[in-house]
Amino acid sequence: ISTLRSHHLDLSGKDHNGRNAISWACSGGHHTVVEYLIKYDRKGADEEDVDGWTPLAWALDKDTPKTVGALLASGLVNINRKDAGGRTPLVWAAMYGYVDIVRMLMKVEGIKMDSAALRQATIYGHEDVMRVLQGLDN
């Protein structure tokens with residue numbers, strides 16, 4: 001009974017794949033939940049799971065601009081972090097053709113323009129993303 005009445009919840013806990021609550025909220029596109037969780041578990045905003053995926057990677061995978069925005073607004077995300085293959089979030093967004101997310105990422109202070117992002121946008125024919133990366137689209 002005391003467990004049922006407890007209001008303590010471990011927001012920093014991880015499952016067997018090393019994923020925390022923020023990671024799961026990002027993969028579901030639940031931006032308001034992400035904002036809430038970051039408020040109470042700041043370190044979880046940029047933690048990698050066992051596969052090296054961060055909450056930002058999960059948000060990118062699901063093309064959820066509002067969730068990406070919540071992570072970026074926290075100021076807790078390493079925007080230039082490379083995955084095991086050497087790809088940054090900007091490269092992934094360019095490769096997927098997520099123009100709105102590319103615009104968001106390009107506005108983050110400290111973002112490093114990676115030539116691989118433009119290369120991926122070109123390979124996959126994402127002309128709108130190419131324009132953003134080249135500064136031709138406001």
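The values are calculated or read from the model by the stated rules, or taken from the named source; none is laboratory data. Predicted, not measured: the structure shown is a model, and the values here were computed from it. Counting neighbours? That spans all protein chains shown, and the Cβs are built from the backbone with ideal geometry, glycine included. Side chains are part of the model used for accessible areas, which takes the heavy atoms of the whole protein and leaves out ligands, DNA and RNA. Shrake-Rupley method; radii C 1.70, N 1.55, O 1.52, S 1.80 Å.
Numbers below:
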item	result
Residues of the range 84-119 classified as over 18 Å from THR54 (Cβ atoms) and either in contact with a strand residue (DSSP E or B) (Cβ under 8 Å, 6 or more places away or on another chain) or of a type in the set (Ser, Thr, Tyr) (or both), total	1
Hey, GLN134 polar (S, T, N, Q), open to solvent by 50 Å² or more (accessible area, probe 1.4 Å) and more than 23 Å from ALA25 (Cβ to Cβ) or not	yes
Single unsatisfied condition, GLU47 versus (1) open to solvent by less than 50 Å² (accessible area, probe 1.4 Å); (2) within 30 Å of GLN134 (Cα to Cα)	(2)
When residues of the range 33-58 are limited to those that are assigned to a helix (DSSP H, G or I) and of a type in the set (Phe, Trp, Tyr), the one modelled with the lowest pLDDT	TYR40
Wholly enclosed helices (runs of 4 or more DSSP H) of the range 59-131 bearing at least 1 residues at pLDDT below 95 and crowded, with 20+ Cβ neighbours inside 10 Å	none
